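Participant: This is the structure I want to talk about, given as structure tokens.
The values are calculated or read from the model by the stated rules, or taken from the named source; none is laboratory data. Owing to the predicted nature of the structure, the values given are computational and were not obtained by experimental measurement. Every residue, glycine among them, receives a Cβ derived from its backbone with ideal geometry; neighbour counts consider all protein chains shown.
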Amino acid sequence: MSEGPLDPTTAPTFPIAARAAMGDAQLRNNVRHATNVIQAKRARVVDEMPDWQALREAGKQIRQHTMRHLDIYLEQFEANCTRAGGVVHWARNAAEASRIVVDLVKQSGSDEVIKIKSMTTEEIQLNHALEAAGIHPYETDLAELIIQLGNDQPSHIVVPALHKNRQQIREIFQRTMHLPQLGDQPQDLADAARIFLREKFLRVKTGVSGANFLIAETGGVCIVESEGNGRMCLTLPETLITVAGIDKVLPRFQDLEVMLQLLPRSATGERMNPYNSLWTGVHANDGPRAFHVVLMDNARSEILADEESRQTLNCIRCGACQNACPVYRQTGGHAYGSVYAGPIGAILTPQLQQMQHAQSLPYASSLCGACYEVCPVKINIPEVLIHLRNQVVLQNTAGIAGLFDVEAAAMKAMAAIFRSERRFKAAQRLGRIAETPLVRRDQQGLGWISWLPGILGGWSQARDLQQMPQQTFRDWWEKRSNHDN
Amino acid sequence: MTTSSPLSARAEILQKIRIANAHAPDTAIAQSAWSDLPRDYKRTSTLAHNAVLDLLADRLHDYDAQVLRSALADLPRNIAAMLSARSIQRLVVPAGLPPEWLPPGFIFTPDDSLSSAELDRVDGVLTASTLAIAETGTVVLQNVPGQGRRALSLVPDYHLCLVQSADVVQTVPEAMARLQPTATLPTTFVSGPSATADIEMTRIKGVHGPRFLDVILIV
């Protein structure tokens, strides 16, 4: 449904994109079904863990601690990975990371790569850069394959094709794999992917991956997956290139005992996902002969500099907040205009854009707190959302432009009204008169306003406002006191 | 920056992190802060060992793996039974697997640097394991004698994994503590056969890794 890569610099604002998504009944059905299933599975396997809250607290503290000493742990990772035969590269931004990967693929002598699902490579639109350099990337995760063959975009960080149902997937596979007789049972579709990709696994000499965790203490990398496509890409090629955000590091091997409990249960509702791979540099007669890690900043160090929102970096990309979010569950992921959708996307995307784009995303939330409750590392997403809203307002009202900002003027007027009882009463009287032509009655006879004129219209776009009561509490209190006297 | 030579990406990123954190790197402080991190979750076994073995079997069943308990002396017979039930004839075996465990009547090919295409042509693979985690139904393989390189337990469609009962722990933290001394070996956690839930969140067995996993618990 989406056209072109999800790019926060060009995407429409959330309210406009969300309106379009809300009109797609099939999409909403698919998203509702998938998020319901994952939430139920997650709840079951989280409830059987009596120490879940202690694990969450440990997870939060480990991540906080890591960020506090990020420079030390990155240098340790680099030293240990290098000692084990890996080559570590550093990239300031998306363009630099893409250029490093393209050069490495060319050096490996291959014009095609097999890829493990990686949101980091989605973030930097690596496939575009590879294709522009004449290198063909094959996505090997089933969902990413569906996305790639369907010329679509990911809508969830764990289950990127959750917005597609089996009939839609069959149609894509029939068309692109030339399998007119393909059935629509999930097993048929998975079998088709197995056959389609096996030949690529056995042939392609260069693999590209992301990383779930980098281990500073050992220089090792950990990748968590389900299908085995990850293991194929990590072990069969001659060259492996791993792209990881600088936030992915963990201090020690032991810290995995927390993350490997929190992540699978939160992400897919499994006690453990089918495969976790751990490797350290290059191993004789086991896996690739050349191993590269690209450590990418891409605005993460800017996020780190903001004391109030740096907790965003603690994210381990489980997607639980997306499944729990009442907004995401209605709109799906594409409306967020970024590969990071849902609550985590609403705080991560604008910050990755250094608040220059995606400014509508911090408002794409009802602040209900469901995301915070399920977050395995206790990121207080509502708190960060409010902080970012404040940033957006400060940006828009800074300098001369702020003098002409209508919203800021309205807020100032509101403040003046709330400061004085006389003005407050006058405003209530005025409001009751002014709202009269806008009020519509529902079946119970209650008055509602669902359209406001002019700039106020933005507010009523997504909200119905109840008619002001004929008698306010203050009126009632005054009358009551008069009777008593 | 006003320096004449531009900073490398590495130097620039590390410098930005140091400015953001507003402190100079201090390994000793980081080390002691790490040691003080709260770890109030369960880190030791709460069940008797027999119950741990039962739990492992139960969790593996949940993943549709077959589990059989066998005395060491009966191992060849039980391996034969498992393979016959799955109609598996030709298997690859890693170096270091005790030859006396292998039953007659099957073709066991030693892994002598077989190509991926050759691995793709055998029916299955038989390996030992480093340990197993009961609570999560996980077997852990490492590149050591008897388990071999990672591709062995990946490319063939069937994996029969042998687990010594002394190597079964209840919790993930116990497993990580045992793995710590060999943390840099290539290590694979296997929890059931390859699977996906990418299509309508329906769990489908067997996408790219082995579609069938069986476990024999040596008691």
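Participant: Go through A:Val46, A:Val88 for me and flag whichever is at pLDDT 95 or above and over 22 Å from B:Lys16 (Cβ atoms).
Facilitator: Residue meeting the stated conditions: A:Val46.
Participant: How many of the residues making up segment A:33-52 are facing chain B (nearest Cβ under 9 Å), surrounded by fewer than 17 Cβ atoms within 10 Å (Cβ to Cβ) and assigned to a helix (DSSP H, G or I)?
Facilitator: Count: 2.
Participant: In the list B:Thr182, B:Thr188, which residue meets the criterion of being under 17 Å from B:Ala128 (Cα atoms) and more than 9 Å from chain A (Cβ to nearest Cβ)?
Facilitator: Within the list B:Thr182, B:Thr188, the selection yields B:Thr182.
Participant: Filter the helices (runs of 4 or more DSSP H) completely within segment A:354-425 down to those with at least 2 residues that are in contact with a Pro (Cβ under 9 Å, 6 or more places away or on another chain) and within 29 Å of A:Thr312 (Cα to Cα).
Facilitator: Details: elements: A:370-374, A:381-396, A:399-403, A:406-419.
By residue number, A:370-374, A:381-396.
Participant: What are the residues in segment A:305-320 that are in contact with a helix residue (DSSP H, G or I) (Cβ under 8 Å, 6 or more places away or on another chain) and among the acidic types (Asp, Glu), if any? Can you show your working first?
Facilitator: Taking segment A:305-320 as the starting set, the residues that turn out to be in contact with a helix residue (DSSP H, G or I) (Cβ under 8 Å, 6 or more places away or on another chain) are A:305-306, A:308-320.
Hits for segment A:305-320 are A:Asp306, A:Glu308.
Participant: Give B:Ala73, B:Ala24 a once-over and let me know the one that is farther than 23 Å from A:Leu256 by Cβ and within 14 Å of chain A (Cβ to nearest Cβ). If you could, list the steps in order and put the result at the bottom.
Facilitator: Details: B:Ala73 fails: within 14 Å of chain A (Cβ to nearest Cβ).
Exactly one residue qualifies, and that residue is B:Ala24.
Participant: Please find, within segment B:26-72, the residue that is farthest from B:His159 (Cα to Cα) out of those that are β-branched (Val, Ile, Thr) and in contact with an Asp or Glu (Cβ under 8 Å, 6 or more places away or on another chain). If you could, list the steps in order and put the result at the bottom.
Facilitator: Applying the first criterion (β-branched (Val, Ile, Thr)) to segment B:26-72 yields B:27, B:29, B:44, B:46, B:52, B:67.
Going one step further and asking which of them are in contact with an Asp or Glu (Cβ under 8 Å, 6 or more places away or on another chain), we end up with B:44, B:67.
On the way: B:Thr44: 30, B:Val67: 12 Å.
The residue in question is B:Thr44.
Participant: How many residues are assigned to a strand (DSSP E or B), over 30 Å from A:Arg289 (Cα atoms) and facing chain A (nearest Cβ under 9 Å) when one looks only at segment B:191-219? Break it down stepwise before answering.
Facilitator: At the first step, the residues of segment B:191-219 found to be assigned to a strand (DSSP E or B) are B:195-196, B:204-205, B:212-218.
Imposing the further condition that a residue be over 30 Å from A:Arg289 (Cα atoms) reduces the set to B:204-205, B:214-218.
Still in the list and also facing chain A (nearest Cβ under 9 Å): B:204-205.
So the count comes out to 2.
Participant: Consider A:Leu278 carefully, then state whether it is facing another protein chain (nearest Cβ under 8 Å) and more than 20 Å from the chain's Cα centre (by Cα).
Facilitator: Values: facing another protein chain (nearest Cβ under 8 Å): yes; more than 20 Å from the chain's Cα centre (by Cα): yes.
Answer is yes for this residue.
Participant: On to the next question. Anything in segment B:125-177 that is touching a Pro at 6+ places or on another chain (Cβ under 8 Å) and within 17 Å of A:Gly287 (Cα to Cα)? List them, or say none.
Facilitator: The answer is B:Gln142, B:Asn143, B:Pro145, B:Gln147, B:Gly148, B:Arg149, B:Arg150, B:Leu152, B:Ser153, B:Leu154, B:Pro156.
Participant: Which condition from (1) in contact (Cβ under 8 Å) with a residue 40 or more places away in the chain; (2) within 27 Å of B:Thr171 (Cβ to Cβ); (3) exposed (fewer than 14 other Cβ atoms within 10 Å of the Cβ); (4) of a type in the set (S, T, N, Q) is the one that A:Gln64 breaks?
Facilitator: Of the numbered conditions (1) in contact (Cβ under 8 Å) with a residue 40 or more places away in the chain; (2) within 27 Å of B:Thr171 (Cβ to Cβ); (3) exposed (fewer than 14 other Cβ atoms within 10 Å of the Cβ); (4) of a type in the set (S, T, N, Q), the odd one out for A:Gln64 is (3).
Participant: At least 2 residues that are surrounded by 13 or more Cβ atoms within 10 Å (Cβ to Cβ) and of a type in the set (S, T, N, Q) in each: list the helices (runs of 4 or more DSSP H) lying fully within segment B:1-84 that qualify.
Facilitator: On the way: elements: B:9-21, B:27-35, B:49-62.
Ranges flagged: B:9-21.
Participant: May I ask you to list the residues in segment B:101-136 that are over 14 Å from the mean Cα position of the chain (by Cα), of a type in the set (Ser, Thr, Tyr) and modelled with pLDDT of 95 or more?
Facilitator: B:Thr109
Participant: Scan segment A:50-68 and give yes if some residue there is of a type outside the set (Ser, Thr, Tyr), over 20 Å from the mean Cα position of the chain (by Cα) and within 26 Å of B:Met201 (Cβ to Cβ), otherwise no. Break it down into steps so the answer makes sense when it comes.
Facilitator: Start the filter on segment A:50-68 by keeping residues that are of a type outside the set (Ser, Thr, Tyr), which leaves A:50-65, A:67-68.
Those still in the list that are over 20 Å from the mean Cα position of the chain (by Cα) too: A:50-55, A:57-58, A:61-62, A:65, A:68.
With the extra rule that they be within 26 Å of B:Met201 (Cβ to Cβ), the set shrinks to A:52, A:55.
Checking segment A:50-68: at least one residue is of a type outside the set (Ser, Thr, Tyr), over 20 Å from the mean Cα position of the chain (by Cα) and within 26 Å of B:Met201 (Cβ to Cβ).
Participant: Being within 11 Å of another protein chain (Cβ to nearest Cβ) and either closer than 30 Å to A:Pro237 by Cβ or acidic (Asp, Glu) (or both) is the filter here; which residues of segment B:160-174 pass it?
Facilitator: Step one: of segment B:160-174, the residues within 11 Å of another protein chain (Cβ to nearest Cβ) are B:171-174.
Result: B:Val172, B:Glu174.
Participant: Identify, from the list A:Ala79, A:Ala58, A:Ala84, the residue that is facing chain B (nearest Cβ under 7 Å), under 22 Å from A:Leu295 (Cβ atoms), in contact (Cβ under 8 Å) with a residue 24 or more places away in the chain and among the small types (Gly, Ala, Ser). Don't jump to the end; show me each part of the working.
Facilitator: Values: A:Ala79 fails: facing chain B (nearest Cβ under 7 Å); A:Ala58 fails: under 22 Å from A:Leu295 (Cβ atoms).
Sole residue among the options that is facing chain B (nearest Cβ under 7 Å), under 22 Å from A:Leu295 (Cβ atoms), in contact (Cβ under 8 Å) with a residue 24 or more places away in the chain and among the small types (Gly, Ala, Ser): A:Ala84.
Participant: Please count how many residues of segment A:285-299 are free of Cβ contacts under 8 Å to residues at least 60 places away in the same chain and at the interface with chain B (Cβ under 9 Å from one of its Cβ atoms).
Facilitator: Restricting attention to segment A:285-299, the residues satisfying the condition of being free of Cβ contacts under 8 Å to residues at least 60 places away in the same chain are A:285-287, A:289.
Going one step further and asking which of them are at the interface with chain B (Cβ under 9 Å from one of its Cβ atoms), we end up with A:285-287.
Within segment A:285-299, residues that are free of Cβ contacts under 8 Å to residues at least 60 places away in the same chain and at the interface with chain B (Cβ under 9 Å from one of its Cβ atoms) number 3.
Participant: A further question on this structure: Looking at segment A:427-463, which of the residues that are assigned to a helix (DSSP H, G or I) and touching a Ser or Thr at 6+ places or on another chain (Cβ under 9 Å) is nearest to A:Val327 (Cα to Cα)? It would help to see each step written out before you state the result.
Facilitator: At the first step, the residues of segment A:427-463 found to be assigned to a helix (DSSP H, G or I) are A:427-438, A:454-460.
If we keep only those that are touching a Ser or Thr at 6+ places or on another chain (Cβ under 9 Å) too, we end up with A:428, A:438, A:460.
Numbers: A:Gln428: 32, A:Leu438: 27, A:Ser460: 17 Å.
Checked segment A:427-463; the qualifying residue nearest to A:Val327 (Cα to Cα) is A:Ser460.
Participant: Would you kindly identify the strands (runs of 3 or more DSSP E) lying entirely within segment B:100-177 that contain at least 3 residues that are in contact (Cβ under 8 Å) with a residue 12 or more places away in the chain and farther than 20 Å from A:Glu225 by Cβ? Reasoning before the result, please.
Facilitator: Numbers: elements: B:107-110, B:124-127, B:131-133, B:138-142, B:158-164.
Hits in segment B:100-177: B:107-110, B:158-164.
Participant: Give just the number: which of (1) over 18 Å from A:Thr35 (Cα atoms); (2) under 21 Å from the mean Cα position of the chain (by Cα); (3) not β-branched (Val, Ile, Thr) does A:His136 not satisfy?
Facilitator: A:His136 satisfies all of (1) over 18 Å from A:Thr35 (Cα atoms); (2) under 21 Å from the mean Cα position of the chain (by Cα); (3) not β-branched (Val, Ile, Thr) except (2).
Participant: In segment A:206-217, how many are within 8 Å of chain B (Cβ to nearest Cβ) and crowded, with 24+ Cβ neighbours inside 10 Å? Spell out the reasoning first.
Facilitator: Here is the first cut: in segment A:206-217, the ones within 8 Å of chain B (Cβ to nearest Cβ) are A:215, A:217.
Still in the list and also crowded, with 24+ Cβ neighbours inside 10 Å: A:215.
The total comes to 1.
Participant: Ok, one more. Could you list, in sequence order, the residues of segment B:143-152 that are of a type outside the set (Val, Ile, Thr) and more than 9 Å from chain A (Cβ to nearest Cβ)? Before the answer, list the steps.
Facilitator: Going through segment B:143-152, the residues of a type outside the set (Val, Ile, Thr) turn out to be B:143, B:145-152.
Result: B:Pro145, B:Gly146, B:Gln147, B:Leu152.
Participant: Restricting the first residue to segment A:110-138 and requiring it to be buried (at least 22 other Cβ atoms within 10 Å of the Cβ), which pairs with a second residue that is among the acidic types (Asp, Glu) meet a Cβ separation below 6 Å and a spacing of at least six or different chains?
Facilitator: Close Cβ pairs satisfying both conditions: A:Lys115/A:Glu139; A:Lys117/A:Asp141; A:Lys117/A:Glu144.
Participant: Now, a different point. Filter segment A:224-254 down to residues that are closer than 18 Å to B:Thr138 by Cα and acidic (Asp, Glu) and give me whichever is farthest from the other protein chains (Cβ to nearest Cβ).
Facilitator: Top of the filtered list is A:Glu225.
Participant: Next question, about the same structure. Against the condition closer than 25 Å to A:Arg203 by Cβ, of a type in the set (Ser, Thr, Tyr) and modelled with pLDDT of 95 or more, how does A:Thr120 come out, does it pass?
Facilitator: Values: closer than 25 Å to A:Arg203 by Cβ: no; of a type in the set (Ser, Thr, Tyr): yes; modelled with pLDDT of 95 or more: yes.
For A:Thr120, the condition - closer than 25 Å to A:Arg203 by Cβ, of a type in the set (Ser, Thr, Tyr) and modelled with pLDDT of 95 or more - is not met.
Participant: In addition: State yes or no: is A:Gln153 under 30 Å from A:Arg329 (Cα atoms) and without any contact (Cβ under 8 Å) to a residue 24 or more places away in the chain? Quick ask: steps written out before the conclusion?
Facilitator: Numbers: under 30 Å from A:Arg329 (Cα atoms): yes; without any contact (Cβ under 8 Å) to a residue 24 or more places away in the chain: no.
Criteria not met by A:Gln153.
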